[in-house]
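Working notes for the structure below.
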Amino acid sequence: MTTADTRTEIDAAAEAAALDATDPLGPLRAEFIGAETSLVYFDGNSLGRPLHRSAERLQRFVHEQWGERLIRGWDESWMDLPFEIGDALGRAVIGAAPGQTVIGDSTTVLLYKLIRAAFDAQHAADPGRIEIVVDTDNFPTDRYLVEGIAAERGGRVRWIEVDRSSGVTADALRAAVGPQTAVVVLSQIAYRSGFLADAPTLTRIAQDAGALILWDLCHSAGSVEIESDAWGFDLAVGCTYKYLNGGPGSPAFAYVAQRHQAALAQPIQGWMGAADVFAMGPEYAPAPGMRRFLSGTPPIVGMLALQDTVELIERTGIAAIREKSIALTEFAIRRADALLAPLGVTIASPRTAAERGGHITLQHPSMRAVTARLWTRDVIPDYRDPGGLRIGLSPLSTSFAETLTGMLAVRDALVAEGADPTG
Ligand SMILES: *Cc1c(COP(=O)(O)O)cnc(C)c1O
């Protein structure tokens, strides 16, 4: 290491310290379990850290709710919980007025239910609408579901080819939609590149073509501004275990714009979605409103923890969270340029903040081995084939000093894997 390298590192440490000292969200980090350790967590975009408050909430629930109320809990509060938490999430996180957001099944199952409901409604109204539009770099579950639904319903998939270090643009969507389009399925933030789609514009393009659009908000809920109502979304689904810190496998949320609810029939007709749940009637009639999008008994225990992050986001404001998120990714990009570019690493994410979400992907052929090495040293990014190291910077729980420590560890791991510092 040269004197110039040492100076750069000292400057970076001073910059991180200054950014942490003036960060209005800095004190929130202490509210997360594990934040006091030296572990570097770069995967809050995949499984967020738990809040101390959530540990207390879960404990309290077992003793006071489950333990004391037993089956009475369903009547007293649990039946309404998917809608109450849905409304709170709608207000704090996705810009949705009450009565349009529910906590339901896994993301995959909710995506299936809503994409199929939307396809069927569109196809019934206009038999020429047989295509589901999706991009080639969307998350696997989204692509697999779309292929399955198209096969099941006699439709077809219209693929948008995208650059893996970017995402779906307005021009690309305009070229793909038309009178044959039933539904468009897009991710607001691409899971690989972190590309932030222009959701209001793309929504308008899909709707101008007569299509319905479903937004996958898995990587955007809790990291960027979302205005589901104001941007005219038709449908949306998102994870709660990523930036919303709901815990492993916590159930997803679904948003269905009020104007569509009565016309959509989802395919998993279960008793919890029926008009009168306890009538135990001879045949299924869907409930009015969001209840019709439920199927079976709601996963109450799984939806407890996410309430604490929804409350935290409401108190903090998504604008401040987004500002910190941008500062974190910019800081990481500057470190990547200084420390990793000389080792042959490229940034497979947008450099323009307005086109980037809360994570960046660093590209190098050795990244699989680098990730394995980092995990043994308590530096936790994740790896996405081919050669992509994802640096997820959850704005509520990540500090600038932590980010710097992690980026230096990536550099050291690359050198240990034989990456050539002379380029
Ligand atoms: C994480 C993620 C999912 C996950 O779906 P699960 O059913 O929760 O496994 C789906 N879509 C996107 C875009 C994701 O990022």
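The values are calculated or read from the model by the stated rules, or taken from the named source; none is laboratory data. None of the values given here were measured: they were computed from a predicted structure. Every residue, glycine among them, receives a Cβ derived from its backbone with ideal geometry; neighbour counts consider all protein chains shown.
Could you grab the pairs with beta carbons closer than 6 Å, sequence gap of 6+ or different chains, first residue in the range 244-258 and at positive phi, second one surrounded by fewer than 19 Cβ atoms within 10 Å (Cβ to Cβ)? Final answer for the pair search is none. State the number of residues belonging to the range 150-165 that are in contact (Cβ under 8 Å) with a residue 60 or more places away in the chain and crowded, with 19+ Cβ neighbours inside 10 Å. Final tally of qualifying residues: 1. In a residue-by-residue description of the range 34-41, the property of being within 16 Å of the ligand (Cβ to nearest atom) and out of contact with any Leu (no Cβ under 6 Å at 6 or more places or on another chain) applies to no position. Selection of first residues in the range 334-358 that are modelled with pLDDT under 95 and of a type in the set (A, V, I, L, M, F, W, C) and of second residues that are buried (at least 21 other Cβ atoms within 10 Å of the Cβ) and not in a loop (DSSP other than H, G, I, E, B), restricted to Cβ pairs under 8 Å at least 6 apart or on distinct chains, gives an empty result. Can Val183 be described as farther than 25 Å from Leu393 by Cα, outside any helix (DSSP H, G or I), touching a residue at least 12 places away in the same chain (Cβ under 8 Å) and not basic (Lys, Arg)? Answer is yes for this residue. Here Gly167 fulfils each of the conditions (1) part of a strand (DSSP E or B); (2) within 14 Å of the ligand (Cβ to nearest atom) apart from (1).
Test Gln180 against the criterion of being in contact with an Asp or Glu (Cβ under 7 Å, 6 or more places away or on another chain) and either within 16 Å of the ligand (Cβ to nearest atom) or modelled with pLDDT of 95 or more (or both), and give yes or no. Yes: the conditions hold for Gln180. Please verify whether Gly44 is farther than 30 Å from Ile333 by Cβ, within 16 Å of the ligand (Cβ to nearest atom) and among the small types (Gly, Ala, Ser), treating the condition exactly as stated. Against the criterion (farther than 30 Å from Ile333 by Cβ, within 16 Å of the ligand (Cβ to nearest atom) and among the small types (Gly, Ala, Ser)), Gly44 does not qualify.
On the stretch given as the range 120-138, residues that are surrounded by 19 or more Cβ atoms within 10 Å (Cβ to Cβ) and of a type outside the set (A, V, I, L, M) total 7. Identify, from the list Thr422, Thr376, the residue that is surrounded by fewer than 17 Cβ atoms within 10 Å (Cβ to Cβ) and at pLDDT below 95. Sole residue among the options that is surrounded by fewer than 17 Cβ atoms within 10 Å (Cβ to Cβ) and at pLDDT below 95: Thr422. Would you say Glu147 is acidic (Asp, Glu), surrounded by fewer than 24 Cβ atoms within 10 Å (Cβ to Cβ) and in contact with a strand residue (DSSP E or B) (Cβ under 8 Å, 6 or more places away or on another chain)? Taking the combined requirement at face value, the residue satisfies it.
Being in contact with a Phe, Trp or Tyr (Cβ under 7 Å, 6 or more places away or on another chain) and hydrophobic (A, V, I, L, M, F, W, C) narrows it down to one of Leu414, Leu389, so name that one. Result of the check over Leu414, Leu389: Leu389.
When the test is whether a residue is crowded, with 21+ Cβ neighbours inside 10 Å, within 23 Å of the chain's Cα centre (by Cα) and not aromatic (Phe, Trp, Tyr), Thr403 passes it. In the range 107-129, of all residues being touching a helix residue (DSSP H, G or I) at 6+ places or on another chain (Cβ under 9 Å) and within 13 Å of the ligand (Cβ to nearest atom), the one that is nearest to Ala182 (Cα to Cα) corresponds to Ile115. With respect to the conditions (1) at pLDDT 95 or above; (2) at negative phi, Gly99 falls short on a single one, namely (2).
If you go through the range 325-354 one residue at a time, how many are under 17 Å from the mean Cα position of the chain (by Cα) and surrounded by 21 or more Cβ atoms within 10 Å (Cβ to Cβ)? Adding up the residues that qualify gives 3. For the range 143-152, the count of residues that are at pLDDT 95 or above, touching a Leu at 6+ places or on another chain (Cβ under 7 Å) and under 30 Å from Ile326 (Cα atoms) is zero. Counting only helices (runs of 4 or more DSSP H) that fall entirely inside the range 46-124 and contain at least 2 residues that are under 17 Å from Gln307 (Cα atoms), the qualifying elements are 52-60, 81-92.
From the list Arg143, Arg129, Arg158, the lone residue that is outside any loop (DSSP other than H, G, I, E, B), farther than 22 Å from Leu196 by Cβ and not hydrophobic (A, V, I, L, M, F, W, C) is Arg158. In this structure, does Ile189 turn out to be surrounded by 20 or more Cβ atoms within 10 Å (Cβ to Cβ), under 23 Å from the mean Cα position of the chain (by Cα) and more than 14 Å from the ligand (Cβ to nearest atom)? In short, no.
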